[in-house]
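Trainee: Mind looking over this structure? Questions follow.
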Amino acid sequence: MNLILLGGPGAGKGTQAKKLIDEYQIPQISTGDMLRAALADKTELGLKAKEYMDKGALVPDEVVIGLIEERLAQGDCKKGYILDGFPRTVKQAEALEKVLDKLGQKIDHVVSVEVDNEELVKRLSGRRTCRNCGAMFHVMFNAPRKDGVCDTCGGELYQRGDDNEETVRNRLKVYEDQTAPLIDYYMKKGLLRTVPGMGSIDDIYGRIKAVIQG
Ligand code: AMP
């Protein structure tokens, strides 16, 4: 199963992707995680991407398209994958189609997780991420058992640099201007499945499973 998760920043794509990979045993491919890893390794690409990420802007299409092209050709993608945070522009979606054609693959479902903007700001400004395993928590809605410590692996929790209110508002605008047109794009292709993104993590997961199992 090849899946795209669409939705604004903080809509729960990463959280839901982690549940899907556990159940379906297919990789989550997050361009945001790939860029953050490149930055942690201080590669040229990572340092260049940081300039955009810090402002909440999109990294240039060519950069992320190159990353995805390389990633999808790897062996663990043969059984399927979950694209989380890619594509984010129509140009990226068109490039993805070409890459998939070459690989003889296709997207089965595009799941759009819908949450209103004020809720997204609340979720992101309280979000804490594990430096070690990437698990996500929220200081109020999904607090870790011990302050600052990951329940899953004991790693240190931190607040992403782009999860402050000003950058979040910019990310929301970027989403509306550049990513939301993908909803129409995939609707026209008959691939769009819309899921309300309010409620508990398990409720939302149940809705996602219902739409992908048809
Ligand atoms: P995310 O972890 O998906 O919220 O992404 C964090 C940041 O990484 C975004 O705000 C962008 O700066 C950058 N980024 C991630 N994925 C993409 C993409 N597909 N296209 C452009 N920039 C991206």
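The values are calculated or read from the model by the stated rules, or taken from the named source; none is laboratory data. Predicted model only: the values in this text are computed from it and were never measured. FYI the Cβ positions are ideal-geometry reconstructions off the backbone, even for glycines, and counts take in every protein chain you see. Side chains are part of the model used for accessible areas, which takes the heavy atoms of the whole protein and leaves out ligands, DNA and RNA. Shrake-Rupley method; radii C 1.70, N 1.55, O 1.52, S 1.80 Å.
Trainee: Open to solvent by less than 60 Å² (accessible area, probe 1.4 Å) and either under 20 Å from residue 20 (Cβ atoms) or small (Gly, Ala, Ser) (or both): is that true of residue 88 in this structure?
Mentor: No; evaluated as a whole, the condition is false for this residue.
Trainee: Restricting to segment 116-171, and then to whatever is under 19 Å from residue 19 (Cβ atoms) and β-branched (Val, Ile, Thr), can you tell me which residue is least open to solvent (accessible area, probe 1.4 Å)?
Mentor: Filtering segment 116-171 for residues that are under 19 Å from residue 19 (Cβ atoms) and β-branched (Val, Ile, Thr), the one least open to solvent (accessible area, probe 1.4 Å) comes out as 129.
Trainee: Ok, one more. Scan segment 142-159 for residues that are farther than 21 Å from residue 198 by Cβ, in a loop (DSSP other than H, G, I, E, B) and not basic (Lys, Arg) and jot them down.
Mentor: 144, 147, 148, 150, 151, 152, 153, 154, 155, 159
Trainee: Name every residue in segment 19-58 that is among the hydrophobic types (A, V, I, L, M, F, W, C), within 10 Å of the ligand (Cβ to nearest atom) and either over 18 Å from residue 131 (Cα atoms) or not in a helix (DSSP H, G or I) (or both), in order of residue number.
Mentor: Scanning segment 19-58 gives 49, 57, 58.
Trainee: Related question: Please go through segment 76-97 and pick out each residue that is on the phi > 0 side of the Ramachandran plot and within 12 Å of the ligand (Cβ to nearest atom).
Mentor: Scanning segment 76-97 gives a single hit, 85.
Trainee: Residues of segment 132-168 being of a type in the set (D, E, K, R) and touching a Cys at 6+ places or on another chain (Cβ under 8 Å), which ones?
Mentor: Listed by number, the list holds a single entry, 156.
Trainee: When segment 86-141 is examined, which residues are found to be under 19 Å from residue 156 (Cα atoms) and either without any contact (Cβ under 8 Å) to a residue 24 or more places away in the chain or part of a loop (DSSP other than H, G, I, E, B) (or both)?
Mentor: 126, 131, 132, 133, 134, 135, 137, 138, 139, 140, 141
Trainee: If you don't mind, there's one more thing I want to ask. Which of the residues belonging to segment 21-40 are crowded, with 20+ Cβ neighbours inside 10 Å, of a type in the set (A, V, I, L, M) and touching a Leu at 6+ places or on another chain (Cβ under 7 Å)?
Mentor: 29, 34
Trainee: Would you check if residue 115 is closer than 13 Å to residue 11 by Cα and within 16 Å of the chain's Cα centre (by Cα)?
Mentor: So residue 115 fits the description; yes.
Trainee: Based on this model, can you work out whether residue 63 counts as near the ligand (Cβ under 8 Å from one of its atoms), of a type outside the set (Gly, Ala, Ser), in a helix (DSSP H, G or I) and out of contact with any Cys (no Cβ under 8 Å at 6 or more places or on another chain)?
Mentor: The answer is yes for residue 63.
Trainee: Which one is least open to solvent (accessible area, probe 1.4 Å), of the residues in segment 66-75 that are away from the ligand (no atom under 12 Å from the Cβ), without any contact (Cβ under 8 Å) to a residue 12 or more places away in the chain and not acidic (Asp, Glu)?
Mentor: Taking the candidates together, the pick is 75.
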